[in-house]
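Asker: Structure below; questions to follow.
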Amino acid sequence: MAELNQDGGGGKGGGKVRSKKAGGRVDLTAMVDLAFLLITFFMLTTSLNKPNAMDVAMPDKNEEDPEDRLEVADTRTMTLLLGSNNKIEWYLGEFSNPIEGPEIVDFGKDGIRPVLLKKQEEIRQKTGQDLIIVLRPSDKSTHRNLVDILDEMNIVKAPIYMIGTISEAEIEVLERDGLYND
């Protein structure tokens, strides 16, 4: 039982003998019980922040077998280069001989989204297969840019996309177009 004791007085006085008075006593048991009930109540009724995580399938770290390589037609491959200033430069096909592009667009519903939707539909009609999208962030793009483009992949329901390493030639194109600066 928790209790609060107070001194009853009768300390070192003048020399007269006085009777000792009983100090006041306060029982704190009910207050401790109430405190634990309140703590328990707030712990159970508070909703905790759930982490927002995006599922990204990553390949195994094992050595790659040359027989496991999948040949992909350049006609259905679209590459997105993430540059600085929240801009994207995209091209369709092989870098040295692009079928279309490179073109510069912004992020969002008025930027890259209509391009992705249009190209997905065109490739599906021409080949009967899905568009393959390669995301290549530069070291001048921000983490937010990568998250935004992954969100766009989910919005347009892109079935096949991957994150790749940007090449020196692609960095030169970003520099040429002013998308590789601080």
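Asker: For Ile88, Ile163, Ile123, Ile104, what ranking results if the residue with the fewest other Cβ atoms within 10 Å of its Cβ goes first?
Answerer: So the ranking, lowest neighbour count to highest, is Ile163, Ile104, Ile123, Ile88.
Asker: With θ set to phi - 60° and the Karplus curve 6.51 cos²θ - 1.76 cosθ + 1.60, what are the ³J(HN,Hα) couplings of the range 120-129 in order, to the nearest whole Hz, using x for Gly and Pro?
Answerer: Each residue's phi maps through the Karplus curve to give 4, 5, 4, 5, 5, 6, 6, 10, x, 10 Hz.
Asker: Label Arg176 and Lys16 with points 7 Å out from Cα along Cα→Cβ: what is the distance between them in nm?
Answerer: A separation of 10.7 nm, rounded to one decimal place.
Asker: Also: For the range 72-176, what's the relative contact order in percent, using C-alpha pairs closer than 8 Å and at least 6 residues apart?
Answerer: Relative contact order of the range 72-176: 29 percent.
Asker: Roughly what would the spin-label model give for Lys126 and Thr46, points 7 Å off Cα along C-beta, in nm?
Answerer: 5.6
Asker: May I ask you to order 42-48, 132-138, 79-85, 90-96 by the average number of other C-beta atoms within 10 Å around their residues, highest value first?
Answerer: Ranked from most to least packed, the peptides come out as 79-85, 132-138, 90-96, 42-48.
Asker: Short version: ³J(HN,Hα) in whole Hz for each residue of the range 40-46, in order, from phi by Karplus 6.51 cos²θ - 1.76 cosθ + 1.60 (θ = phi - 60°), x for Gly and Pro, what are they?
Answerer: Karplus-based 3J(HN,Hα) across the range 40-46 equals 4, 4, 5, 5, 7, 9, 7 Hz.
Asker: While we're looking at this one, here's another question. How far apart, in nanometres, would the label points at Thr142 and Phe95 be if each is projected 7 angstrom from Cα along the Cα-to-Cβ direction?
Answerer: Between Thr142 and Phe95, the simple spin-label model gives 2.6 nm.
Asker: How would you rank Val26, Val115, going from fewest to most other Cβ atoms within 10 Å of each one's own Cβ?
Answerer: Taking fewest neighbouring Cβ atoms as first place, the list is Val26, Val115.
Asker: Would you please give the residues with an amide H less than 5 Å from that of Leu80, counting only those at least 5 places away or on a separate chain, with H modeled from the backbone geometry?
Answerer: Here Val134, Leu135, Arg136 satisfy the definition.
Asker: According to the square roots a ≥ b ≥ c of the eigenvalues of the Cα gyration tensor, what is the shape class of the range 72-176, taking rounded for a/c under 1.5, prolate for a/b larger than b/c otherwise, and oblate for the remainder?
Answerer: Here the range 72-176 falls in the oblate category.
Asker: With point charges of +1 on the Cβ of Lys and Arg and -1 on the Cβ of Asp and Glu, referenced to the Cα centre of the range 72-176, which listed residue (Gly83, Val72, Gln125) lies farthest in the positive direction of the dipole?
Answerer: Gln125
Asker: Sum up the lysine pairs in the range 72-176 that clear both bars: alpha-carbon distance under 16 Å and a spacing of 8 or more or different chains.
Answerer: Lysine pairs meeting the criterion: 8.
Bear in mind that the values in this text are calculations on the coordinates, not laboratory data. Because the structure is a prediction, the values reported are computed rather than measured. As a convention, Cβ positions derive from the backbone with ideal geometry for all residues, glycine included, and neighbour counts pool all protein chains shown.
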